[in-house]
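Following: one structure in structure tokens, then a few remarks.
The values are calculated or read from the model by the stated rules, or taken from the named source; none is laboratory data. The structure presented is a predicted model; accordingly, all values stated were derived computationally and were not measured. In this analysis, Cβ positions are derived from the backbone assuming ideal geometry, glycine residues included, and neighbour counts consider all displayed protein chains.
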């Protein structure tokens, strides 16, 4: 019984996962991800160095992310 449940969930999740991994090998996907990685890096740098998540006014909590 437990084995059948395990096998069902493996089949349910493995096919979509393999499909997405195959898509990630394409050059179109890599171009899109390259652009996203640049944006994520810029945001991360601003958050870490400039405190971009700080609220504008004194006494307020950080902005919810």
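The table below lists the values:
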| item | result |
| --- | --- |
| Subset of region 1-48 [in a helix (DSSP H, G or I) and modelled with pLDDT under 85] | 2, 3, 4, 5, 6, 7, 8, 9, 10, 11, 12, 13 |
| Residue count for region 20-29, restricted to those that are more than 17 Å from the chain's Cα centre (by Cα) and surrounded by 10 or more Cβ atoms within 10 Å (Cβ to Cβ) | 2 |
| Filtered residues of region 30-47 (kept if farther than 26 Å from residue 20 by Cα and either in contact with a helix residue (DSSP H, G or I) (Cβ under 9 Å, 6 or more places away or on another chain) or surrounded by fewer than 10 Cβ atoms within 10 Å (Cβ to Cβ) (or both)) | none |
